Amino acid sequence: MTLWRIRATVDDRPGYLSVLTASLALRGVNILTVQVHTTEAGAVDDFLVDAPDALGEAELVAAVDRGRGRDCWVARSEARGLVDQPTRVLALATRLVRDPDATGAALHALLGADDVSWRPTPAGASAGVGGSTMLLADPAGGSYRLARREPSFTPAEYARAQALAELSAAVTRRDAERVTLVLPDSAEVVVRPATPDDLPGLVELHDGCSPRTVQRRYLSGAARPSPERLRRLLDPARGLTLLATATATATATATATAGAAERVVAMANLLGEGDEAEAALLVRDDWQRRGLGSALLRRLLGHADRVGIAAVLLHVQADNTPMLRTVRRLARPAPIERDGSLLTVTVPLAGPARAPRPADAAARAD
């Protein structure tokens, strides 16, 4: 038996696919996998089949023709073709997470393209498929041009390729946003966007904080938040979560254990709603009063400004002197409103215009 790939267009009508598969079955062809690509011209069916050695390309094309298929393409396949498409895509995604510079090679492997080239010009309205070519927007800037002699590209393949390019750009942005901060006491921390994989480190951060520190962060008692809530904080629907991890140099003075080199020592959250966003900080007790909270808050405000948020709100307990001191270090106008023991600090940004808060309210709060 021999492995073949067969691609053919079939009218998207009830029973037509069964006619094609029956025509192949009459010739002893065993269908191992099938993918259906919906197009305006009909359903493009992509088969991986195991055919008797006596059957050649011409006989397979004839079988497709008799099964009401058209625009048939047939090619020999290898044993690696037995890997199903979701598994292949996940493997390529894993490769891009480790090496986002391998986008071109990943696209080549995903689509079996004969040529993949990157250009600095954006794809614009020309993005899409055109028979044997595909123009793909690179979210990081520029575009990819893919060419394949046959078979023709389909919209489904374009969607897969675009998703892969977007993943690569997201990983690149994440790496670009990773910075090392040197604090006033010469300690070093790495600040980066959070990922879902950081849940264990975030749980450890909360376990290492005093009840008072946790209560000041969540304003609802000293109980630790559930893992599900922490998971949502790691991947906010609209906003950003930054984590600060201690480098080996910074932790050497605090502990002798090697595992502490990767310890999460602070978390900063920016949660958006409308044209405003709420910011909150959690810094482990032994890392407080070292300038880390101020640095994280400035990075949150910088991100909020870039994405067009009009104002950032911070809800702070009136007795949380360290947090209020952190806000004052921003050297920005920040009106404060009081509601009992809770203060709401508003930091206006250069986003859409919003009505100013009364100045006398800020004075009363101070």
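Since every read-out is calculated from the coordinates, none of them should be taken as a lab result. In this text the structure is predicted, and so the values were computed from the model without any measurement. Cβ sites come from the backbone with ideal geometry, for glycine too, and all protein chains shown count toward neighbours.
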First in the range 85-101 and among the polar types (S, T, N, Q), second anywhere and surrounded by 13 or more Cβ atoms within 10 Å (Cβ to Cβ) and part of a helix (DSSP H, G or I), Cβ under 7 Å, 6 or more apart
none
Only residues in the range 116-132 that are farther than 22 Å from Glu40 by Cβ count as the first member; pair them with residues that are assigned to a helix (DSSP H, G or I), Cβ under 7 angstrom, at least 6 apart or cross-chain, and list the lot.
Val116/Gly104; Val116/Leu107; Val116/His108; Trp118/Gly104
Do we find a residue being within 20 Å of Val214 (Cα to Cα) and among the charged types (D, E, K, R) anywhere in the range 322-332?
yes
Of everything in the range 4-17 that's of a type outside the set (Val, Ile, Thr) and closer than 17 Å to Pro151 by Cα, which residue is surrounded by the most Cβ atoms within 10 Å (Cβ to Cβ)?
Ala8
Can Tyr144 be described as of a type in the set (Phe, Trp, Tyr), within 15 Å of Asp101 (Cα to Cα) and within 24 Å of the chain's Cα centre (by Cα)?
yes
